Amino acid sequence: MQRLLEKLAPGDADYELARAIDPARLPAHIAIIMDGNGRWAKRRYLPRVSGHRAGVQAVRTTVETCAQLGLRALTLYAFSMENWKRPRAEVETLWRLLRIYLGSELPLMMRHDIRFGAIGRLDALPAFVRAELDEVIRRTENNRGLLLNLAINYGGRAEIVDAVRTLIKDALVEDARAGRTEIDEAAISARLYTAGMPDPDLLIRTSGEMRISNFLLWQIAYAELYVTNTLWPDFTRAELLEAILDYQRRDRRFGGLGEPTLSEETATDPETVDPAIEPAGIPAR
Ligand code: FPP
C-alpha cells in the first residue's frame with residue numbers, strides 16, 4: 001500500500017483514491033474477467049486484435065498496482081477453453097501477444113517481487129507458449145510478493161473435473177495402502193489448480209456483462225462481484241482502486257448475519273425467535 005502511495009503525487013486523483021483505501025482490509029486475492037477488447041476495437045473501426053493489443057497496457061497497469069498495494073494474488077482470465085472457437089488468426093494473435101508480454105514483463109516482475117503462475121489445461125497450449133510460461137515461472141519462483149496467475153485454456157468445470165480425477169487416483173492409492181482419503185471441501189480445494197491460494201475476495205468483470213463465464217466456479221463461492229461498463233483496454237488504475245473501495249464498503253456475511261454472530265448475540269433474543277416455530281423434537285402445544 002505504502003509503495004503505491006510513494007509512487008503517486010499528493011493531490012493526484014489516484015493518490016486520493018489510494019489514501020481512502022483501508023490497508024487492513026485489502027482483498028487478499030482479486031480475480032478479473034478482462035472483457036470488451038473486441039468492442040473497444042469495433043468502436044474505433046479497428047480489427048478485433050487491436051483491442052487485445054490495447055488490453056495489454058491495462059494488464060500491465062493492473063499487475064503493477066496490485067503488487068504496489070501488497071495483494072497476495074491476482075488472477076487474470078486471459079484465454080478460456082471456449083476461446084478456441086474464435087477465428088484462428090485471432091487465437092494466434094493472442095498467443096503472440098502473450099509471448100511478447102511474457103518476454104517483456106520479466107523486469108517489472110522482478111522489480112516488484114512478483115511470482116508468476118499459470119492455471120488451466122496448459123498441456124494443450126502451443127509449445128512456444130508453454131516454453132515461455134515455464135521460463136517465466138522458473139525465473140520468478142523465488143519471488144515472494146504478489147502471485148500473478150494467468151488463466152489460460154482455463155475452464156472452471158474442467159478444473160473441478162481434473163480435481164475429482166486426482167482425488168479418485170489419490171483415494172485408490174490410499175485404499176491400496178489401507179488408508180483413507182477424506183472427501184470433503186478441503187480435499188477438493190487442495191486439488192484445484194489454485195491449491196494453496198486464498199479464494200478470490202473480489203471478482204471484477206469489465207464491459208458490463210453479468211456473467212461468470214466458467215471462471216473459478218468453486219473459488220468464487222463468497223467473492224464480492226464488481227461489474228463495470230468500462231471496456232478492458234480502458235480499465236485504469238483509478239477504476240481498480242474504485243473497485244477496491246466499493247469492496248471495502250460491502251458487508252461480507254458469508255451466509256451468516258455478520259458481526260455479532262447469531263450464536264453469541266441473537267439466539268435468545270425474543271425479537272429473532274419466532275414463537276410459532278417450535279424447536280425440533282418438542283411437540284407443539
Ligand atoms: C475478452 O475480450 C478478452 C480476451 C478473450 C483476451 C484477453 C487478452 C488480453 C487482455 C490481452 C493479452 C493478455 C495478456 C495477459 C498479455 P473480447 O474479445 O471477448 O471482447 P468483446 O466481448 O468485446 O468481443
Pair A89, A9: separation of 7 Å Cα→Cβ label points (nm):
4.3
Sum of side-chain charges, T206 neighbourhood, beta-carbon under 9 Å (Lys, Arg +1; Asp, Glu -1)
-3
Out of R72, R43, R177, a Gaussian network model of the chain with alpha-carbon springs under 10 Å gives the largest mean-square fluctuation to R177
So how strong a dipole does the chain carry about its Cα centre when Lys and Arg Cβ are +1 and Asp and Glu Cβ are -1, to the nearest 20 debye?
1620
Using alpha carbon centroids, what distance separates the range 189-235 and the range 62-97, in Å?
13
Once the Cα atoms of helix 156-176 and of the chain are each reduced to a long axis, what angle between those two axes, in degrees from 0 to 90 to the nearest 10, is obtained?
60
Report, in degrees rounded to the nearest 10, the 0 to 90 angle that the Cα long axis of helix 48-69 makes with the longest principal axis of the chain.
60
Kirkwood-Stokes translational diffusion coefficient of the range 27-259, alpha-carbon pairs, 20 °C, 1.002 mPa s, µm²/s
114
If unit charges are put on Cβ atoms (+1 for Lys and Arg, -1 for Asp and Glu) and the dipole of the chain is taken about its Cα centre, the option from I212, L125, M110 lying farthest towards the positive end turns out to be L125
Residue by residue through the range 8-23, which ³J(HN,Hα) values in whole Hz follow from phi under the Karplus form 6.51 cos²θ - 1.76 cosθ + 1.60 (θ = phi - 60°), with glycine and proline marked x?
9, 8, x, x, 4, 4, 5, 5, 5, 4, 5, 5, 6, 6, 7, x
Treating only the Cβ of Lys, Arg, Asp and Glu as charged (+1, +1, -1, -1), what charge dipole size does the range 28-172 show about its Cα centre? Round to the nearest 20 debye.
540
Listed residues G120, G155, G208, most fluctuating in the chain (Gaussian network, C-alpha, under 10 Å):
G208
As an exercise, identify the trypsin sites (Lys or Arg not before Pro) in the range 192-248 lying in DSSP coil whose Cβ has no more than 14 other Cβ atoms within 10 Å.
R211
Contact order relative to length for the chain, counting C-alpha pairs under 8 Å separated by 6 or more residues, stands in percent at 25
CD proxy, 222 nm, the chain: helix-only mean residue ellipticity via -39,500 (n - 2.57) per DSSP H run with n ≥ 4, per residue, nearest 500, stands at -13500 deg cm²/dmol
What does the charge count near R139 come to, summing +1 for each Lys or Arg and -1 for each Asp or Glu among other residues with Cβ under 12 Å from its Cβ?
-3
Just to confirm the filter: which chymotrypsin sites (Phe, Trp or Tyr not before Pro) across the range 1-68 are DSSP coil and have at most 14 other Cβ within 10 angstrom of their Cβ?
Y45
Among T65, T75, T93: highest mean-square fluctuation, GNM of the chain, C-alpha pairs under 10 Å
T93
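Bear in mind these aren't lab numbers, they're just calculated from the coordinates by the rules spelled out. This one's a predicted model, so the numbers in the text were calculated from it and none came from an experiment. No Cβ is skipped: glycine too gets one built from the backbone with ideal geometry, and neighbour counts run over all protein chains shown.
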